[in-house]
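The values are calculated or read from the model by the stated rules, or taken from the named source; none is laboratory data. Keep in mind the model is a prediction, meaning the values are calculated, not measured. Note: ideal-geometry Cβ built from the backbone for every residue, glycine included; neighbour counts use all protein chains shown. Protein only, heavy atoms only, side chains kept; ligands, DNA and RNA dropped before computing areas. Shrake-Rupley method; radii C 1.70, N 1.55, O 1.52, S 1.80 Å.
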Amino acid sequence: DIGGGEAESIESSEVAMASDLGQDAHLFFTVDGSAPDFTSTPYTGPFLLTNTATIRALAYDAGYARSAEAAPIVVRVLPTYPLSATAPGGGALDISPPAFRADNLYVGDTAVTLTATPSNGWSFLRWSGDSSAETNVITVLMDQPRSVQAVFGTRLSLTTNGNGEVRLDPSAGPYAYASTVHLTALPLTGAYFFGWGGVASGSADPLSFTVHESLPAITALFGPLKSNEVSLT
């Protein structure tokens, strides 16, 4: 004969029942809002709810001569969902509010604000995963598991030494962290490609360069041809 109403919990809720009809009273209950009777589920002790339910309970005295029904109680069990928010390199993330638990679980329907801040020499490009926005501040609604990644990019500091040029693929930056840029050295008349300098080395042409630092400086070295030499590209 307790009062009804609503209760709210996160992930689960323990339900315990008691009656004023004596220690030998018999309790029966339903969790779907239907009217209980002595054919309903018997109460044998506290139990755990992991989903939202409408509980109705009915108690009988030891001889089933008297009964009392409690007012319905709605127990709202709020789910939690994981949020994976990462920035592989080139910047950092600020997440607000903090997670409900240390394993990045958020209560369902929580609005989480993510702010991406680039490091020196980098710029924010876009989000990937559950968002493709190009603004550095977004709000993610935690109505399901979510995964977002902040993508930062930088430009190449490219120079040539000698008579030649360099072709880039993709042709223009900024280039995302951990992306690969292909550099092709093209000697002009009277020159040949000697090799790479700066943060690159060797004489591979084209060169596949993976971006892991800001404003990487790469120099293409072109030497002059002698009178009896030619350059094949």
*Which of the following residues is under 38 Å from the mean Cα position of the chain (by Cα), among the polar types (S, T, N, Q) and under 29 Å from SER227 (Cα atoms): SER201, SER214, SER179?*
SER201
*Of these, SER147, SER231, SER208, SER171, which one is assigned to a strand (DSSP E or B), free of Cβ contacts under 8 Å to residues at least 60 places away in the same chain and of a type in the set (Ser, Thr, Tyr)?*
SER208
*Identify the single condition in (1) of a type in the set (D, E, K, R); (2) open to solvent by less than 70 Å² (accessible area, probe 1.4 Å); (3) under 30 Å from LEU215 (Cα atoms) that ASP37 does not satisfy, given that it satisfies every other one.*
(3)
_Hits in region 1-18 - residues which are of a type in the set (Asp, Glu), open to solvent by 80 Å² or more (accessible area, probe 1.4 Å) and part of a loop (DSSP other than H, G, I, E, B)_ = ASP1
*Inside region 91-107, can you point out the residues that are outside any strand (DSSP E or B), touching a Leu at 6+ places or on another chain (Cβ under 9 Å) and either open to solvent by 70 Å² or more (accessible area, probe 1.4 Å) or at pLDDT 95 or above (or both)?*
ASN104
*Which condition does ALA178 not pass, out of (1) in contact (Cβ under 8 Å) with a residue 40 or more places away in the chain; (2) of a type outside the set (Asp, Glu); (3) within 25 Å of PHE124 (Cβ to Cβ); (4) part of a strand (DSSP E or B), if it passes all the others?*
(4)
*Restricted to region 141-172, and to residues that are surrounded by 15 or more Cβ atoms within 10 Å (Cβ to Cβ) and in contact with an Asp or Glu (Cβ under 7 Å, 6 or more places away or on another chain), which residue is farthest from PHE100 (Cα to Cα)?*
VAL148
_Extreme residue, nearest to ALA16 (Cα to Cα), among residues of region 26-55 that are of a type in the set (A, V, I, L, M, F, W, C) and in a strand (DSSP E or B)_ = PHE47
*asked:* Just to check your reading of the model, which residue among LEU58, LEU21 is part of a loop (DSSP other than H, G, I, E, B), farther than 24 Å from ASP143 by Cα and either open to solvent by less than 40 Å² (accessible area, probe 1.4 Å) or free of Cβ contacts under 8 Å to residues at least 12 places away in the same chain (or both)?
replied: LEU21
*Determine the pairs where a residue that is without any contact (Cβ under 8 Å) to a residue 24 or more places away in the chain and within 13 Å of THR135 (Cβ to Cβ), located within region 109-123, has a partner that is among the hydroxyl-bearing types (Ser, Thr, Tyr) and surrounded by fewer than 19 Cβ atoms within 10 Å (Cβ to Cβ) with Cβ atoms under 8 Å apart, the partner being 6 or more residues away or on another chain.*
THR115/SER96
*Single match in LEU168, LEU158, LEU215 (criterion: touching a Lys or Arg at 6+ places or on another chain (Cβ under 9 Å), of a type in the set (A, V, I, L, M) and closer than 27 Å to GLU134 by Cα)*: LEU215
